[in-house]
Structures are given as structure tokens and as C-alpha cells.
Amino acid sequence: GNSVTQMEGPVTLSEEAFLTINCTYTATGYPSLFWYVQYPGEGLQLLLKATKADDKGSNKGFEATYRKETTSFHLEKGSVQVSDSAVYFCALSGKLASGSRLTFGEGTQLTVNP
Amino acid sequence: NAGVTQTPKFRVLKTGQSMTLLCAQDMNHEYMYWYRQDPGMGLRLIHYSVGEGTTAKGEVPDGYNVSRLKKQNFLLGLESAAPSQTSVYFCASRQDRGRRNTEAFFGQGTRLTVV
């Protein structure tokens, strides 16, 4: 079955530091890949996505590239801000026959200190 | 535009009690999902629905039932609550466009404690 593995957290950085959160996946076929973000006390919201190999998703300074050869979708940001403190989830979308349901990684808690 | 609304937001149950969580979406989405979120385990799919009147089991369906009598509503029921069902529950919805890259929209969650 499908699975997503994220780097273990939590991650604590100083403001303006470089961020990488690793994500690898196992899936049949060609899934779509997503990063979702969860701010304290809120539901998840889409941060970015990529739908095919070598696609780069980007939003709010975050980027991730769909690497089929390494089955990875690592999240990066060049300079983090305190407001980026949140939990980040990597996810993939399964087959249409299974409701295109999302399979999530464990989540990575990011704390950015001023 | 309210998006996805979950009620209630918080609930404390005693072991053996029953309850229903309501999810309502106003985006005319075909697909709806119920997830539970537990520390260190990410989100796990309980049940899902691909349209009105249809439901299917996800990864962790035991102890839960669902119904989708109306397109905009997806109900999650606990018939006899157990402490292992203490969790944060999220509902999500998604448009069916024949592709699997559409965005899922999430509610704000229901924090359930079973004592």
C-alpha cells in the first residue's frame, strides 16, 4: 500500500535559517504529492503540490520538487520566519478508485525562534 | 464561504457513551473524509465517501460508523466510546474532477476525550 515517511522532528531553527524537511514515499503508479501545514489550533491547509515527476511546487517561499527516481518530495525554504512555526505534513494522493484519498506522513513540528 | 465546518469542537465522553460528529461542506464537493490525528502518527483515514449515499472503510474503521445521506454532510458515529478513541478528528472534502491532484479542504477539528 501507499506510505509516506517524514524526517523525525521536532525541528527548531533561528529566524532566517534554511529549512529542509525530508519526505519520501512508497506508492503504486504516479501519485500527486502535497505539503500541508497546520497552524496551532487549526485544521490543515494546502501549502503546495506537484502532480508529476520533476514538477516543482512553490508557495510563500517554500518549494518542493517531485523526484521520482528517489521517490522524494523534500520541503525547503531559504529563510524561515517566526510565523512559519507550525506542523508540516507530506502527503500523497491515491488512486481514483480509492477515492483519491490522501496518505499522510507523521508530521514535522517546526519552531522558529526570533 | 464557510468551507468545511465541524461540530462540536470539543467533547468529553464517558466510556461506553455514544456520539455523532457532524461535518458540513458548502463547496459541492463529491469526496468527503474522516481522519483522526494522534501524536507521532500523522493523520489516519477512518472512513470516506465518494458521493451521496456511498461510504467506504479507511485504515482504522473499527469502532466507527458513517453516513452520507446528503451530499453536503458526512456524519461520524461512535456507538460505544473507548479511551483509545481519544483523538482529534478532522473532516475533509475534495472536488472530483477525475484527477487526484485537487486540493482537500479541512475543518478545524473536533477534540474528543474519552474518560
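Computed quantities for the displayed model
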item	result
Total residues in region B:53-64, condition over 15 Å from A:Arg101 (Cβ atoms), of a type outside the set (Ser, Thr, Tyr) and surrounded by 14 or more Cβ atoms within 10 Å (Cβ to Cβ)	1
Strands (runs of 3 or more DSSP E) within region B:67-115 that include 2 or more residues surrounded by 14 or more Cβ atoms within 10 Å (Cβ to Cβ), more than 14 Å from chain A (Cβ to nearest Cβ) and touching a Leu at 6+ places or on another chain (Cβ under 9 Å)	B:73-78, B:110-114
Those residues of region A:19-47 which are aliphatic (A, V, I, L, M), out of contact with any Leu (no Cβ under 6 Å at 6 or more places or on another chain) and within 10 Å of A:Leu75 (Cβ to Cβ), in sequence order	A:Leu19, A:Leu47
Residue among A:Leu46, A:Leu102, A:Leu75 that is under 23 Å from B:Ser93 (Cβ atoms) and surrounded by 21 or more Cβ atoms within 10 Å (Cβ to Cβ)	A:Leu102
From the options A:Val82, A:Val11, residue that is more than 26 Å from B:Phe105 (Cβ to Cβ) and surrounded by 14 or more Cβ atoms within 10 Å (Cβ to Cβ)	A:Val11
Matching residues, region B:9-52, being crowded, with 19+ Cβ neighbours inside 10 Å, closer than 18 Å to B:Pro83 by Cα and touching a Gly at 6+ places or on another chain (Cβ under 7 Å)	B:Ile46
Selected residue [within 14 Å of the chain's Cα centre (by Cα), among the small types (Gly, Ala, Ser) and over 30 Å from B:Arg111 (Cβ atoms)] from A:Gly29, A:Gly57	A:Gly57
Any chance B:Gly40 is within 11 Å of another protein chain (Cβ to nearest Cβ), touching a Leu at 6+ places or on another chain (Cβ under 9 Å), at pLDDT below 95 and assigned to a loop (DSSP other than H, G, I, E, B)	no
Matching residues in region A:62-113 - criterion: being touching a Leu at 6+ places or on another chain (Cβ under 6 Å), more than 14 Å from every other protein chain (Cβ to nearest Cβ) and β-branched (Val, Ile, Thr)	A:Val80, A:Val112
Selection within region B:45-66 - in a loop (DSSP other than H, G, I, E, B) and of a type in the set (Phe, Trp, Tyr)	B:Tyr64
Any chance A:Glu63 is touching a strand residue (DSSP E or B) at 6+ places or on another chain (Cβ under 9 Å), under 28 Å from B:Gly107 (Cα atoms) and not polar (S, T, N, Q)	yes
Odd one out for B:Trp34 among (1) in contact with a helix residue (DSSP H, G or I) (Cβ under 7 Å, 6 or more places away or on another chain); (2) part of a strand (DSSP E or B)	(1)
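The rows are residues; the columns are (1) at positive phi; (2) of a type in the set (A, V, I, L, M); (3) over 14 Å from the mean Cα position of the chain (by Cα).
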| position | (1), (2), (3) |
| --- | --- |
| A:Leu13 | no, yes, yes |
| A:Glu16 | yes, no, yes |
| A:Ile21 | no, yes, no |
| A:Tyr25 | no, no, no |
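The values are calculated or read from the model by the stated rules, or taken from the named source; none is laboratory data. Please read these numbers as outputs of a predicted model, since none were measured by experiment. Quick reminder, even Gly has a Cβ in these numbers, built from the backbone with ideal geometry, and neighbours come from all protein chains shown.
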